[in-house]
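Working notes for the structure below.
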Amino acid sequence: MKKFTGLVIIVSVLLSCLSQGAFAAESEKKLFVNLSSDEINRAAMAITFSTRVLKQKKIPVTIFLNVEGVRIADKNLPHHKHINGQSTQEMLQAFIDAGGKVIICPMCMKNVGRLTPEDILDGVVVGGSDVTWPALFADDVRVLSY
């Protein structure tokens with residue numbers, strides 16, 4: 001009986017170590033979501049998915065707004081409500097408030113109407129190679145595009 005009890009303890013310790021290792025490997029991953037559209041359904045899906053991954057998987061998530069997607073961060077534009085009752089801007093702010101990172105493309109800001117840093121939501125970071133590239137090109141990053 002002592003051998004069986006000892007075996008159970010050893011197996012339990014090994015399983016505990018393995019599960020902690022799997023959790024550590026999962027927690028080292030990151031998600032980079034490329035959002036190039038301000039179309040309400042596409043943008044809502046990207047932001048909602050990003051928020052869920054951030055909260056449920058507890059991994060760092062970055063949303064990169066580019067092309068028409070930069071309009072979502074424009075404080076001066078009216079934003080329609082999605083079927084969920086929130087505008088994409090409200091969803092984006094909730095994502096930021098939950099700890100998500102949002103980077104906006106500076107060239108795209110100019111291309112869609114001369115957006116300035118003062119025009120964008122608080123918490124949105126203006127990108128550049130020093131900001132965007134580390135978030136995108138790290139070895140542990142998964143990329144999703146909308």
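Below, the figures for the structure above:
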read-out	value
Hits in segment 37-60 (condition: within 14 Å of the chain's Cα centre (by Cα) and part of a loop (DSSP other than H, G, I, E, B))	Lys58, Ile59, Pro60
Conditions (1) loosely packed, with under 12 Cβ neighbours inside 10 Å; (2) modelled with pLDDT under 95: number failed by His82	(1)
Subset of segment 115-146 [of a type in the set (Val, Ile, Thr) and under 15 Å from the mean Cα position of the chain (by Cα)]	Val124, Val125, Val131, Thr132, Val141, Val143
Failed criterion for Ile63 (all others in (1) within 19 Å of Val141 (Cβ to Cβ); (2) in a loop (DSSP other than H, G, I, E, B) hold)	(2)
Selection count, segment 36-50, where residues are touching a residue at least 60 places away in the same chain (Cβ under 8 Å) and touching an Asp or Glu at 6+ places or on another chain (Cβ under 8 Å)	2
Test: residue in segment 103-114 that is modelled with pLDDT of 95 or more and under 15 Å from the mean Cα position of the chain (by Cα)	yes
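The values are calculated or read from the model by the stated rules, or taken from the named source; none is laboratory data. Only a predicted model underlies this, so the values are computations on that prediction, with no experimental measurement involved. In this analysis, Cβ positions are derived from the backbone assuming ideal geometry, glycine residues included, and neighbour counts consider all displayed protein chains.
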